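Trainee: Okay, handing you the structure first.
The values are calculated or read from the model by the stated rules, or taken from the named source; none is laboratory data. Quick caveat: nothing in here was measured; it's all calculated off a predicted structure. With ideal geometry, Cβ positions are generated from the backbone for all residues, glycine too; neighbour counts draw on all protein chains shown.
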Amino acid sequence: MRAWLEVDLDTVRRNLEIVRRSVGTGVEVIAVVKADAYGMGIKEISRVLDGGNVAMFAVISLDEARKVREASSKPVLIMGYLEPKEIVSAIEEGYVLSLFDNELAAIYERLAARLERTARVHLKVDTGLNRLGVSSGEAVDLLVNQRHYPHIRIEAIFSHLIKSTNRPSNERQLQKIRELLLTIQSRCELLPVHLVNSGALADFSDGYFDAVRIGLAFSGVDETILPGLEPCLRAKSVIVQVRTIDKGEGVSYDHLFIAAREMKVAVVAIGYAEGYSQALSGKAEVVVQGQRVKVLGKICMNFIVIDVTGLDVRRGEEVVLVGSQTGPNGQKAEVHVSELAKWCGLRHHEVVTRLGTSLPRDYYGGR
């Protein structure tokens, strides 16, 4: 047995309910399930969120959109770049495309006309991220001159926040959107807008508009997003060997850790190949028998070594890498994703996505 990820689908559903209560009535929830739903499993998570009546799903690729379609009949927005043959398939299959420059508008129009279909799109406006998106002026031109694109139907406008937890930055982007909407209002019909993501939920209700795009909040791994969110996942592995090392002996590659005394150590089946970053070396802790213990030395491709001095552990015993565990005497300990993120200098998104896309998953609840 190697490492695995446990996902509690009932917790995902409860987290969605908390998000819904936070945004209130009149604001739709667009479920972002890209990167295999942040490593939690795109089909399973989409099925649960569909049951919670999200308005729409958002993904990056055509392949992801098709996986969502297997779990839900709700509209799916493909936010990423597609090759022409993929655009044809996306239009034929009824997905919503992201329109982020004028050249792409011409491509959508040409391919949709050839199919005698209408390409449904959301217009991506760049408000400062300088990644994808048309300028405000280009957005106005596209909307005012839609007659030049009879096979394109622009259904909404959206943008991405630069740093969702930075309110002054958010306010500057919000002002750009408001100025754009004022210009549009004077020349053509207004469209729905979505801007806010998980990180801005708690402190930026001014930017909710018609819908919010939510991904990480469903996992509950970032407790700062909204009060009441709970982690839906645990990463686990097992001990594969227990051994004693003498004072002065080193552990793992390069002997970055040297024992200051005789120690009992255990080898655990997880490593950077399974998404447990080598940047955690010398910093991370895990939970065994309801107690936090240290990871010793350099993290290997498929193994780590932990300090189990004073614990009666055996081969096959469960080790919690992320999440909580209750020990034999009722003691409980936990390692949060936020701690792993801090230890290895990554964002929550990257920690869970690395683990989730590398490990097999077991699901609970939500059936």
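Trainee: Just for the range 303-321: of the residues that are free of Cβ contacts under 8 Å to residues at least 60 places away in the same chain and in contact with a Gly (Cβ under 7 Å, 6 or more places away or on another chain), which one is nearest to GLY248 (Cα to Cα)?
Mentor: Only one residue tops the list, namely VAL305.
Trainee: Here are SER159, SER186, SER164: which of them is touching a residue at least 40 places away in the same chain (Cβ under 8 Å) and of a type in the set (Ser, Thr, Tyr)?
Mentor: Details: SER159 fails: touching a residue at least 40 places away in the same chain (Cβ under 8 Å); SER186 fails: touching a residue at least 40 places away in the same chain (Cβ under 8 Å).
Exactly one residue qualifies, and that residue is SER164.
Trainee: Scan the range 321-348 for residues that are over 24 Å from GLY215 (Cβ atoms) and crowded, with 16+ Cβ neighbours inside 10 Å and jot them down. Break it down into steps so the answer makes sense when it comes.
Mentor: Quick first cut of the range 321-348, residues over 24 Å from GLY215 (Cβ atoms) only: 325-333.
Result: GLN325, ALA333.
Trainee: Could you please give the count of residues in the range 247-278 that are within 15 Å of THR309 (Cβ to Cβ), in contact (Cβ under 8 Å) with a residue 24 or more places away in the chain and either assigned to a helix (DSSP H, G or I) or of a type in the set (Gly, Ala, Ser) (or both)?
Mentor: 1
Trainee: Does the range 170-177 include one or more residues that are among the acidic types (Asp, Glu) and in contact with a Gly (Cβ under 9 Å, 6 or more places away or on another chain)? Steps first, answer last, please.
Mentor: So the first thing to find is which residues in the range 170-177 are among the acidic types (Asp, Glu), and the list is 171.
From what is left, the residues that are in contact with a Gly (Cβ under 9 Å, 6 or more places away or on another chain) are 171.
Within the range 170-177, one or more residues are among the acidic types (Asp, Glu) and in contact with a Gly (Cβ under 9 Å, 6 or more places away or on another chain).
Trainee: Restricting the search to the range 55-74, which residues are in contact (Cβ under 8 Å) with a residue 40 or more places away in the chain and more than 22 Å from VAL351 (Cα to Cα)?
Mentor: Applying the first criterion (in contact (Cβ under 8 Å) with a residue 40 or more places away in the chain) to the range 55-74 yields 55-56, 58.
Matches in the range 55-74: ALA55, MET56.
Trainee: Of the residues ARG261, ARG292, ARG234, which single one is farther than 30 Å from ASN197 by Cβ and touching a strand residue (DSSP E or B) at 6+ places or on another chain (Cβ under 9 Å)? Give the steps one after another, and end with the answer.
Mentor: On the way: ARG261 fails: touching a strand residue (DSSP E or B) at 6+ places or on another chain (Cβ under 9 Å); ARG234 fails: farther than 30 Å from ASN197 by Cβ.
Of ARG261, ARG292, ARG234, the one residue that is farther than 30 Å from ASN197 by Cβ and touching a strand residue (DSSP E or B) at 6+ places or on another chain (Cβ under 9 Å) is ARG292.
Trainee: For the range 202-214, check the following and say yes or no: at least one residue is within 23 Å of LEU5 (Cα to Cα), at pLDDT 95 or above and surrounded by 22 or more Cβ atoms within 10 Å (Cβ to Cβ).
Mentor: Start the filter on the range 202-214 by keeping residues that are within 23 Å of LEU5 (Cα to Cα), which leaves 214.
Restricting the remaining residues to those that are at pLDDT 95 or above gives 214.
Applying the additional criterion that residues be surrounded by 22 or more Cβ atoms within 10 Å (Cβ to Cβ) yields 214.
Yes, the range 202-214 contains at least one residue that is within 23 Å of LEU5 (Cα to Cα), at pLDDT 95 or above and surrounded by 22 or more Cβ atoms within 10 Å (Cβ to Cβ).
Trainee: Still on this model: So which residues in the range 301-323 are part of a loop (DSSP other than H, G, I, E, B) and in contact with a strand residue (DSSP E or B) (Cβ under 9 Å, 6 or more places away or on another chain)?
Mentor: Just the residues of the range 301-323 that are part of a loop (DSSP other than H, G, I, E, B), to begin with: 301-303, 308-317.
Selection gives PHE303, VAL308, THR309, GLY310, LEU311, VAL313, ARG314, ARG315, GLY316, GLU317.
Trainee: Taking interchain pairs and intrachain pairs at least six residues apart, which have beta carbon atoms under 6 angstrom, with the first residue in the range 221-246 and in a loop (DSSP other than H, G, I, E, B) and the second loosely packed, with under 14 Cβ neighbours inside 10 Å and at pLDDT 95 or above?
Mentor: That search, which allows pairs on different chains as well, returns ASP246/GLU262.
Trainee: Tell me the residue from SER72, SER98, SER61 that is out of contact with any Asp or Glu (no Cβ under 6 Å at 6 or more places or on another chain) and crowded, with 18+ Cβ neighbours inside 10 Å, please.
Mentor: Details: SER72 fails: out of contact with any Asp or Glu (no Cβ under 6 Å at 6 or more places or on another chain); SER61 fails: crowded, with 18+ Cβ neighbours inside 10 Å.
Being out of contact with any Asp or Glu (no Cβ under 6 Å at 6 or more places or on another chain) and crowded, with 18+ Cβ neighbours inside 10 Å holds for just one of SER72, SER98, SER61, which is SER98.
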